[in-house]
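Below is one structure, written out as structure tokens; the observations come after it.
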Amino acid sequence: MAWFALGRVLFVAAVAYAAALIRPIPFGVLANVGFALVLAALVVAFESWLRETAATHILGALIGGCVGLVIARTIGSGLFWADIGDSRVAFLHSFVLIVLPYLGLVLGGKHGEWLEPARLVSLFRSAGPARRYKILDTSVIIDGRIADVCETGFVDGALVIPQFVLKELQLVADSSDSMKRNRGRRGLDILQKIQKMSGVEVIISDVDFPEVREVDLKLIELARSLQGKIVTNDFNLNKVAQLRGVEVLNVNELANSLKPVVLPGEIMKVFILKEGKEYNQGVAYLDDGTMVVVDNARKMINKTIEIVVTSVLQTTAGKMIFGRYIEQAGQAQAAPQPPAAAERDRAKAMPTPQPT
């Protein structure tokens, strides 16, 4: 950053010095220096805006502008028979020379993502199945479960990680809050883990949308341009993307669909962890985090018991299982006495002999 600041200072000083020597406007030295400083400030502001723009969009704008200029010059050469002295013809030449480069500049900058290496390579490949893109959200990267899903091989196509998502992840990793900082670093570790997996294609995309400020809306625009799907666990992003016609793969929905299916009347073993809210209830948890509420299990805390499933409730937060603990008939029977105690009881039952 220090080198950038030094370069800007030297650039502004050079422009001001040149204006003071050449004096492009018919006023004093101070007026020319002030005019040069205004121009230099505009150039620095334009340079700062270009730094936030993807290189492919800048290259696309330059190519589009050059193509528009060539077409304008070709049209001007084709009108050699027109009277150049006529003001209408001169205005037409100037108008074409301005409009066509401008259109090429705008259109080339807007569709600059087609200059990405992956897109250019795809133009020379033989026709085959359409490529499938999965755009990762910041929340799903920090969550970490996407790495396990990729490792199992259930994710096909290419995983796209936009630069603006990496920038947001880096801001979280550099946060002053220790919890946020740990979450951000965990996300960066997850990305490194995914990149090292064999058979998983990871693409770091430079495509950005400067006119869009929110990261969620940028993800939606990128998914539209790539005709891909967004991978997230953000409930709000899921709804907004569906409203805008973009397909979403929600990791939470995948996890809920993989939970074991239990039916009322089935018997299952659970570990009673704590007391429930209602009278004589116990609470247990399955390995996937599903809560199990058990009646008649308050006295069985810290024990593994068998329960009978009574009902299953599906909520927006997940699945809840309700069951009942029924004591086995064998537990009600008295425990057998040890041999020594039985001999003592038998001796007490025998009659005592009378003295003669």
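Scanning segment 211-237 for residues that are among the basic types (Lys, Arg), without any contact (Cβ under 8 Å) to a residue 24 or more places away in the chain and either in contact with a Leu (Cβ under 8 Å, 6 or more places away or on another chain) or not in a helix (DSSP H, G or I) (or both) returns a single hit, 213.
The set of residues in segment 59-94 that are among the β-branched types (Val, Ile, Thr) and without any contact (Cβ under 8 Å) to a residue 12 or more places away in the chain comprises 70, 74, 84, 89. The requirement of being more than 25 Å from residue 236 (Cβ to Cβ) and acidic (Asp, Glu) is fulfilled somewhere in segment 204-211, by at least one residue. Checking each residue in segment 238-296 for being assigned to a helix (DSSP H, G or I) and polar (S, T, N, Q) picks out 238, 242, 252, 256, 257. Only one of the listed residues (34, 68, 76) is within 30 Å of residue 212 (Cβ to Cβ) and part of a helix (DSSP H, G or I). That residue is 68.
Taking the criterion of being in contact (Cβ under 8 Å) with a residue 24 or more places away in the chain and outside any strand (DSSP E or B), the residues of segment 297-309 that qualify are 297, 300, 301, 302, 303. Answer yes or no as to whether residue 270 is touching a residue at least 40 places away in the same chain (Cβ under 8 Å) and over 30 Å from residue 114 (Cα atoms). When the stated conditions are applied, residue 270 passes them. Does residue 54 qualify as being of a type in the set (A, V, I, L, M), at pLDDT below 80 and in contact with a Gly (Cβ under 9 Å, 6 or more places away or on another chain)? Against the criterion (of a type in the set (A, V, I, L, M), at pLDDT below 80 and in contact with a Gly (Cβ under 9 Å, 6 or more places away or on another chain)), residue 54 qualifies.
For segment 125-149, residues that are modelled with pLDDT of 90 or more and either more than 15 Å from the chain's Cα centre (by Cα) or assigned to a loop (DSSP other than H, G, I, E, B) (or both) total 1. Assigned by TED's automatic domain parsing to the domain that holds residue 170, surrounded by 16 or more Cβ atoms within 10 Å (Cβ to Cβ), touching a Cys at 6+ places or on another chain (Cβ under 8 Å) and modelled with pLDDT of 85 or more: does that describe residue 220? Spelling it out, it is not the case that residue 220 is assigned by TED's automatic domain parsing to the domain that holds residue 170, surrounded by 16 or more Cβ atoms within 10 Å (Cβ to Cβ), touching a Cys at 6+ places or on another chain (Cβ under 8 Å) and modelled with pLDDT of 85 or more. Looking at segment 27-34, is at least one residue within 25 Å of residue 95 (Cα to Cα) and at pLDDT 85 or above? So far as segment 27-34 goes, no, none of its residues is within 25 Å of residue 95 (Cα to Cα) and at pLDDT 85 or above. Number of residues in segment 156-210 that are assigned to a loop (DSSP other than H, G, I, E, B), touching a residue at least 24 places away in the same chain (Cβ under 8 Å) and either among the small types (Gly, Ala, Ser) or not assigned by TED's automatic domain parsing to the domain that holds residue 223 (or both) equals 2. Report yes if residue 312 is among the aliphatic types (A, V, I, L, M), part of a loop (DSSP other than H, G, I, E, B) and modelled with pLDDT under 90, otherwise no. Spelling it out, it is not the case that residue 312 is among the aliphatic types (A, V, I, L, M), part of a loop (DSSP other than H, G, I, E, B) and modelled with pLDDT under 90.
The values are calculated or read from the model by the stated rules, or taken from the named source; none is laboratory data. It should be emphasised that the depicted structure is a prediction, and the values quoted were computed from it without experimental measurement. Note: ideal-geometry Cβ built from the backbone for every residue, glycine included; neighbour counts use all protein chains shown.
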